[in-house]
Every structure is written in structure tokens, then in C-alpha cells.
1. Of the residues N262, N223, N23, which exhibits the maximal mean-square fluctuation in a Gaussian network model of the chain defined by a 10 Å Cα contact cut-off?
2. Name the residue from A2, V60, P119 whose Cα lies farthest towards the positive end of the charge dipole of the chain, charges +1 on Cβ of Lys and Arg and -1 on Cβ of Asp and Glu.
3. Can you tell which of P169, P220, P24 shows the greatest fluctuation in a Gaussian network model of the chain with Cα springs below 10 Å?
4. What FRET efficiency do you get for E46 and D11 if R0 is 30 Å and r is their Cβ-Cβ distance, rounded to the nearest 0.05?
5. Quick check for me: using +1 on Lys/Arg Cβ and -1 on Asp/Glu Cβ, what's the dipole size of the stretch 25-133 about its Cα centre, in debye to the nearest 20?
6. Hey, what did the chain get for relative contact order, percent, Cα under 8 Å, at least 6 apart?
7. Could you name the lysines in cross-link range of K297, using Cα to Cα under 20 Å and dropping any fewer than eight places away on the same chain?
8. For the chain, with a Gaussian network of springs between Cα atoms less than 10 Å apart, report the residue from A227, A134, A120 with the top mean-square fluctuation.
Amino acid sequence: MASTESNFLRDLYQSWTDRMVANPNMTLDDMRDVFDEWEKPTKEPEGVTYKSDKVGGVDVIWAIPVDADTNKILIYTHGGGFVVGSSSSHRKLAGHMAKALGAISVVLDYRLAPEAPFPAQIDDAVSVYKAILASGIQANNITTIGDSAGGNLAISSVLKFRELGLQLPCSVIAFSPWLDMELTGSTLDSNEATDALVKRPVLEAMSGMFLGEKGAANDPLANPLHADFSNYPPLYMNAGSDETLLDDSRRLHAMVSEAGVNSTLSVVDGMQHVFPFLAGRAEEADNEIKKIAAWFKIQSNR
């Protein structure tokens, strides 16, 4: 049974949904303001400082825990359907992850659709990755991490790194990744009543803005369910049992496991989309982050 504390995220999502329904003509700027409230469920991590910067030409926020290993980097791509969200909305979650994993996080303000459609987001991730490598950080000390659409980017950017012949990161972590731009997952319908935020019409609108006029819903870099995962790094995904995008994680886990990838999928009962946002507030998020930290330690010592 979900904890009382975890209801904070469900209630926040329901308030967003109610506001969007009440205002069907909500502007994109107003929607971006709404989604910047995503930081509210996350308690401020203790002993973490933040620094605004530009890396590879991309605006970022660094989350730097006290006594962290500054040679270990988490490249964090935020969620928001490629359309909303920001480094500000995700910096506290990135801080919790950095602290738990003994690393530092860099949260990207990659370009958003529809102003910058696919593949601008991947191009920005590539620019940051190349810049970090050029700074002297070894690829085996880098992990890509993200949530929702940012979970897609954490996964697909590594496919692009491989395509470019770059050394690949140590591991990949994705929270509730939105992978399927064709929207064929079974839980889009079966979990429609239990997911307080992510509904098919919202995904249809955001995928349209993301892909633009030239993008294809079955492009492997936009929809990793169509990708080849040969020689791919270890992958950790989690999702909530109540969310509509659950089937995306289930299908990718089965697919990459069949391809020989070291893949872990954690599904937590009663949880909403990107439930680790409850870090510091709800035991479900804190316990999940501890599991990820244990998994990460194994990957780092390989």
C-alpha cells in the first residue's frame, strides 16, 4: 500500500490536470510555469550546492554534494515531454541522486520543442558529453540519467554516442521513461484511471511538437523501442505500477535483456509517474534511490 506521504505527488499531478482541463487554451509559457512546480515534492538534499554553468554550449546546473567524487558525473536530462521542464524543476532530484551515488550531477537545459524539434535535444546531450570527455573525465566514470522524456534522452543519447564512435558511459538510469512515440503501450489504456497526469491526448500533443514536420515516430533515436542495443551499457529503469507509461519500461527491459544487455527494471506498487521526485519525503522514493545506489556501486566497480 502506498504511503500517505507519496500522495503529495499524486495530488500535485491531479492539480495540474485539473488546471489544464479548466483552461484548454493554456499557453505553452503558462504550461511551462506549471511544470516548473515539479520540484515541490522533492525535499532539499542536505549538503548539496548548486552552480549555474554552460557546458558544450548548453546551459546547465551542477549539483555538487559535499565530499563527492568530482570525477564521477551524472548527466541528467529532465522530463517534460521534450516541451516543458527545466534544470530548476529537477535540480533537487539530481542532487539526491548525486549524493546517493557519490558523484556530481549536471542537469541540462537542453533545447525544447516545438521551438527546437527532434533531434535538437540529442544534439545538446552529445555536445555536453563531448565537452565532459574533453575535460578529462573518463567515459567509464559517466552515467546518463533522466526521467520521462529525459529518460528517453538518457537512453537514446547513448545510442547516438555509439553511432558517433564515442566511448560509452558506465551505465544508464531512467525513471519512468517515455519511449514509444507511436503510443502503442497497453498501460496507456489499462492505467488511464490510476495515472493522475499522463494521458494519451497530452502525449499525442507533445510527441507532435517533439517530432515536428521531419521527425518519424519510429526513428530509433526518438523511439528506442525500434533501436539496436548491441554493446549497450548496463541499464536501470524504474516505474510506478499506476502509471500509463509502465508498458514502455516493460517492453524495453524485455527487448534489451534479449539483446544481452545487463538490464534491471524496478516497478513499485501504487506509485505515480517519476515517483523518485518524492526523494526525502516518501519512503518509496528513498528506498528506490538506495537500490539504485547499490546497483550503481556494482557497475562502477566492474
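The values are calculated or read from the model by the stated rules, or taken from the named source; none is laboratory data. It should be emphasised that the depicted structure is a prediction, and the values quoted were computed from it without experimental measurement. No Cβ is skipped: glycine too gets one built from the backbone with ideal geometry, and neighbour counts run over all protein chains shown. The protein model used for the area step is the full one, side chains on, heavy atoms only, and it has no ligands, DNA or RNA in it. Shrake-Rupley method; radii C 1.70, N 1.55, O 1.52, S 1.80 Å.
1. Result for the chain, Cα springs under 10 Å: N23 fluctuates most.
2. Result: V60.
3. P24
4. 0.75
5. 360
6. It rounds to 20 percent for the chain.
7. Straight-distance partners of K297: K72, K99.
8. A134
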